[in-house]
1. Can you give me the number of residues within the range 90-119 that are touching a helix residue (DSSP H, G or I) at 6+ places or on another chain (Cβ under 8 Å) and over 19 Å from residue 37 (Cβ atoms)?
2. Quick one: residue 100 ticks every box in (1) among the β-branched types (Val, Ile, Thr); (2) touching a strand residue (DSSP E or B) at 6+ places or on another chain (Cβ under 7 Å); (3) closer than 24 Å to residue 214 by Cβ; (4) not in a helix (DSSP H, G or I) bar one, so which box is it?
3. Could you please find all residues in the range 56-87 being among the polar types (S, T, N, Q), within 13 Å of residue 41 (Cα to Cα) and surrounded by 15 or more Cβ atoms within 10 Å (Cβ to Cβ)?
4. Which one of these does residue 24 not meet: (1) of a type in the set (Phe, Trp, Tyr); (2) in contact with a Pro (Cβ under 6 Å, 6 or more places away or on another chain); (3) touching a residue at least 60 places away in the same chain (Cβ under 8 Å); (4) part of a loop (DSSP other than H, G, I, E, B)?
5. Taking the conditions exactly as written (surrounded by fewer than 17 Cβ atoms within 10 Å (Cβ to Cβ), part of a loop (DSSP other than H, G, I, E, B) and of a type outside the set (Gly, Ala, Ser)), does residue 90 satisfy them or not?
6. Could you please let me know if residue 201 is touching a Leu at 6+ places or on another chain (Cβ under 7 Å) and of a type in the set (Lys, Arg)?
7. Quick check on the range 16-43: of everything there that is modelled with pLDDT of 90 or more and among the small types (Gly, Ala, Ser), which residue is surrounded by the fewest Cβ atoms within 10 Å (Cβ to Cβ)?
8. At least 2 residues that are crowded, with 16+ Cβ neighbours inside 10 Å in each: list the strands (runs of 3 or more DSSP E) lying fully within the range 132-196 that qualify.
Amino acid sequence: MRKGSREVKDKNFRLINGKPLMYYTIKQAIKSKIFDNIVASTDSKQILKYAKSYGADGWFLRSKKLSSNFSSKIPVIKHALIEAEKFYSKSFKFVVDLDVSSPLRNVEDIIKAYKFFLRKKADILITASRSRKNPYFNIVEIRNKKIKIVKSTGKNIFRRQDAPQTFDMNASIYIWTRKAILNSRSLYNKKTILYEMPAYRSIDIDSKLDFKIVEFLLKNKNKKFF
């Protein structure tokens, strides 16, 4: 959880149903009952204070290097793991990252993703939903001043249903083995697996519009829209 945000200012503190964004993810982690320890990683003393009040552990702050707009996820998770193993004086077999910007996941998503990860004996798990747009069909780019489809199978595709299935990563749940996170520079290796989630629980808050949509869905979570 960074204190800065390009698109949505102070989004970790913005209230939805009277609770800040981080509240939902921390409570989901607690209710899942699959974690030995729940640790907040942030560069903000204020965020750390709030996270601890909701039930997370927290005792360290990220460096500026790990908190810039250009920082990638993997070094941040490695840092949190190393700090946690020193603090708790033990080694962890698995590491799970629950991004606070994806609060529409539910507790069952966390539990089922974890069980799927164990069953498949994977190194890394990512979560995603089926793509709304498809790079083989209706995503284009401009190359040499010409519009071209992003991905080609070598034949014309006239219906979306005929295109290869693609997925949008939703930044909701990531799982690593200890060895994988300490040795990885990428989310993908031969033993990376994908856990599919429905689109309506896969909105990652990157913009003001995303926040408005998530806010609406959380406020009306007991209503049926789908």
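The values are calculated or read from the model by the stated rules, or taken from the named source; none is laboratory data. Keep in mind the model is a prediction, meaning the values are calculated, not measured. As a convention, Cβ positions derive from the backbone with ideal geometry for all residues, glycine included, and neighbour counts pool all protein chains shown.
1. 7
2. (2)
3. 67, the sole residue that qualifies.
4. So the condition that residue 24 fails would be (4).
5. Values: surrounded by fewer than 17 Cβ atoms within 10 Å (Cβ to Cβ): yes; part of a loop (DSSP other than H, G, I, E, B): yes; of a type outside the set (Gly, Ala, Ser): yes.
When the stated conditions are applied, residue 90 passes them.
6. Criteria met by residue 201.
7. For the range 16-43, the residue satisfying everything is 32.
8. On the way: elements: 140-143, 146-149, 167-177, 192-196.
So the answer is 167-177, 192-196.
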